[in-house]
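S.K.: Here you go, one structure.
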Amino acid sequence: MVKTKTKIFTSEDIDRIESEYRLLRDNLYRCDKAGEKELIDKAFRFANEAHRDMYRNSGEPYIIHPINVARIANQEIGLGARSVSAALLHDVVEDTGIPLEEIAKQFGPKIASLIDGLTKISGTYNKETNSLQAENFRKMLMTLSDDIRVILIKIADRLHNMRTLDSMPEHKRMKVAGETIYLYAPLAHRLGLFAIKTELEDLSFKFRHPRIYEEIARKVKMDEKKNLALINRFSLPIIEELNENNIIFDISGRFKSIYSIWKKMQSKNIPFEEVYDLLAVRIVFEPGPDMSERAQCWQIYSLITDIYTPKPDRLRDWVSRPKSNGYEALHLTVMGPEGRWVEVQIRSQRMDDIAERGFAAHWKYKGDMSQTESELDKWLKHIREMLANPMSDPLTFLDEFKMSLFSSEIMVFTPKGLLVNLPKGASAIDFAYEIHTDIGNKAIGAKVNYKLSPLSVTLQSGDQVEIITSNIARPEKDWLQYAHTAKAKNAIKDALRDESTDRIQKGRDLLEKKLTELGIVPNSDIIKKLLDNYELLNKDELYSHIGLGLINLDELRKVLKRAPEGSLRKYWQLAVGGAGRKSPEEKENSPAPGTIDKSHPYLLRENVANTGNSYVIADCCKPIPGDEVMGYLDHSNSIIVHKPKCPVAIKLMSSEGNRIIPVRWTIHKLASFLARISIDGIDRIGLINEVTNIISTELNVNIRNMNVSVYDGIFEGTIDLYVHHTRDLNNLILQMSNVKGIASVKRIEEFIE
Ligand code: MN
């Protein structure tokens, strides 16, 4: 957090600090041993002195932040006195110039090493990787090898920063929110901190997609009353039944988080109403004296299913086999009032404690947790191995670490019976690259349990896999769609890049040669003219087309002589900076492109006054005007425009967040952007014709490519289109979905040509 030291604390400031500290001090959880409260008081006094007269962006005294981090660490994560002290001191070394040695002298080596892990690297870093963020993350994890509390305090720090993100400048918000969804939320989940994970996801989502967030929140609120009444009606008979059986318990209604609603809407392509159909209640019981917790879970299960009919395929038993992050509970779904499905979660108090407080609670119950402890230990061991590998650069490390957060693994075997661990969902191509890059690059198919299968086949635990290779085989773009491991993805991209760089280089050379022949000096206007003429999106595409021989350079002179096609032709432009939320109409009436918001230092530094030529539409997510967008300033100072939800963009926010700049669409134009839609439905005579008719009569849409296959009367296809705006695309989708026989039409957000 940026802080300023501009004025001297007022007496209100001092009162505020005092009362915030009281809130922590008077509600300390498990800090009752001799000397613990004194230690915390000492840490507070030290930090308070060090941060004296410092303010946060929000205008509050800076020390309010460490106090709240300490409160989260203690009350929401359950950490003890030393961690609370470390949390109070966590920004002292980084921000006040007090050396670590001083902390060690005052508070001992343990607290000093916690603070060290929480202090960012300053000064120089490996220029090659260019990611101070990744370096810092790795440094923090290094400390994890001896003490996981560093991570837990870091998560508390991040949670408080997210809760107060409003007061940060916008370009920082994106970076922090992106990093949160990419790393910290999965990390919190991996460590079993469910409540914190959910809050981090919701907060990150709120800042990345404010409009969608507000809309879902509003709808949730609208339904809340009705759903609460339903839950009450549903719970009554259960409460009676459990009371009759002398079970001591708490029952409460649960609602889905806003982020998880949105994620379901996206992944299943369904409206809010369908997602929000699921109601849930949670029962937390106090274990009786003469029954195991597990038996008691099943007793409650049977009492509930005496009242309501269970949905057979929706029983989740994490009591017999806890999740790898330690989660234990019994989940069932039953038919409730008014034909609504209700999920019931059954947990003992101990299980609930673990679910809410995660890792710290594991320590408390250590002993009867042998199985889950070992799962977490395994993960920690894996992280330590990764850290010990001197070969991995910080960015690769970040990738690998991210993968490791998704705990589920499958075990598959080579033909010789060697065990290979892969993440759940991995395909044969992942297996191939896991064995060796050369095997991956030459793969053409696989035998899974002796059966011939495509490389895209999803592997299951226990499969025996053999990769079939051919010397003339080459990696294909398609593979990226079913490669899951970072290793496979990177190898495929490397191989593809080599090939396409060759082509781009060749195209560039050919063009330059031709221009020199014609006595023309290449400049951006010439390139722009060519892009317009051939309706291409960027320079690389132009070179690549030339390299492939798709553009005949003999007509170059003619093309360049031609006057720009009508003075009416305008283009979509991106404005950099000042991406305040505006309605689409307002956006289109904004003044000139390239409006620079002086509050963004990067823009001034990079001097992008002529943004006209310097932006590139990201290849991965292909945003079009009307989409929410953000910019990434690449190393050659072009602005790459992504959708904020694009995974590539989220990764960039996390690894190179200081290169993220806000951008937005401005003036209304007539340039085309490539988009892809997929359609499916039941085939009938004339259907394809009807579809093409709609597209061709839709004035603002041009078809580029259509790919349809029919089997057993079902047709499926994708259509690539040039459109000007999301409005045109949505319009088209709407019209097409009205065609008889079409079951679904949707935009594909990420595709590779
Ligand atoms: Mn902090």
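Read-outs throughout are calculated quantities, based only on the coordinates presented, and are distinct from any laboratory measurement. All of these numbers come straight from a predicted model, not from anything done at the bench. We place every Cβ from the backbone using ideal geometry, glycine too, and count neighbours over all the protein chains shown.
S.K.: With a ≥ b ≥ c taken as the square roots of the eigenvalues of the C-alpha gyration tensor of the range 493-561, please select rounded if a/c is under 1.5 and otherwise prolate if a/b is larger than b/c or oblate if it is not?
M.R.: It comes out prolate by the Cα gyration axes.
S.K.: Give, as a single signed number, the net charge of other residues whose beta carbon lies under 10 Å from the beta carbon of residue 281, with Lys and Arg counted +1 and Asp and Glu -1.
M.R.: Net charge around residue 281: +1.
S.K.: Right, another one. Just the C-alpha atoms of the range 409-474: what Rg/Rh do they give, with Rh taken as the Kirkwood radius?
M.R.: On the Cα set of the range 409-474, Rg over Rh gives 0.93.
S.K.: Cα gyration tensor of the range 44-99, axes a ≥ b ≥ c as square roots of the eigenvalues: rounded (a/c below 1.5), prolate (a/b > b/c) or oblate?
M.R.: oblate
S.K.: Based on Cβ point charges of +1 for Lys and Arg and -1 for Asp and Glu, what charge dipole magnitude is obtained for the range 500-567 about its Cα centre, in debye rounded to the nearest 20?
M.R.: That gives the range 500-567 a dipole magnitude of about 180 debye.
S.K.: For Cα pairs less than 8 Å apart in space and 6+ apart in sequence, what is the mean separation divided by the residue count of the range 493-561, i.e. the relative contact order in percent?
M.R.: On the way: 52 pairs, mean separation 30.3, N = 69.
Relative contact order, the range 493-561: 44 percent.
S.K.: Tally Lys and Arg at +1 and Asp and Glu at -1 over the other residues with C-beta under 14 Å from the C-beta of residue 258: what net charge comes out?
M.R.: Numbers: positive: 197, 206, 208, 211, 218, 219, 221, 254, 256, 263, 264; negative: 199, 201, 202, 214, 215, 223, 224.
So the surrounding residues net to +4.
S.K.: Does the range 220-366 classify as rounded, prolate or oblate by the C-alpha gyration tensor (a ≥ b ≥ c root eigenvalues; a/c under 1.5 gives rounded; else a/b over b/c gives prolate, otherwise oblate)?
M.R.: On the way: a/c = 1.90, a/b = 1.27, b/c = 1.50.
It comes out oblate by the Cα gyration axes.
S.K.: Using Cα pairs closer than 8 Å and at least 6 residues apart in sequence, work out the relative contact order for the range 690-753, in percent. Present the calculation step by step, with values, prior to reporting the outcome.
M.R.: Values: 59 pairs, mean separation 17.6, N = 64.
Taking the mean separation of contacting Cα pairs over the length of the range 690-753, I get 27 percent.
S.K.: Let me ask something additional. Determine the principal axes of the Cα atoms in the range 3-215, then give the extent along each, sorted from largest to smallest and rounded to whole angstroms.
M.R.: Extents along the principal axes, in whole Å: 47, 39, 35.
S.K.: R0 = 60 Å: FRET efficiency of residue 520 with residue 435, Cβ-based, nearest 0.05?
M.R.: Rounded to the nearest 0.05, the efficiency is 0.70.
S.K.: For the range 409-540, place one equal point scatterer on every Cα, skip the solvent, and apply the Debye formula. What is log10 of I(q)/I(0) at q = 0.17 Å⁻¹?
M.R.: Relative scattering, expressed as log10 I(q)/I(0), comes to -0.82.
S.K.: Treating each Cα of the range 673-748 as an identical point scatterer and ignoring solvent, apply the Debye formula and state log10 I(q)/I(0) at q = 0.14, 0.20 Å⁻¹.
M.R.: These q points yield log10 I(q)/I(0) values of -0.38, -0.78.
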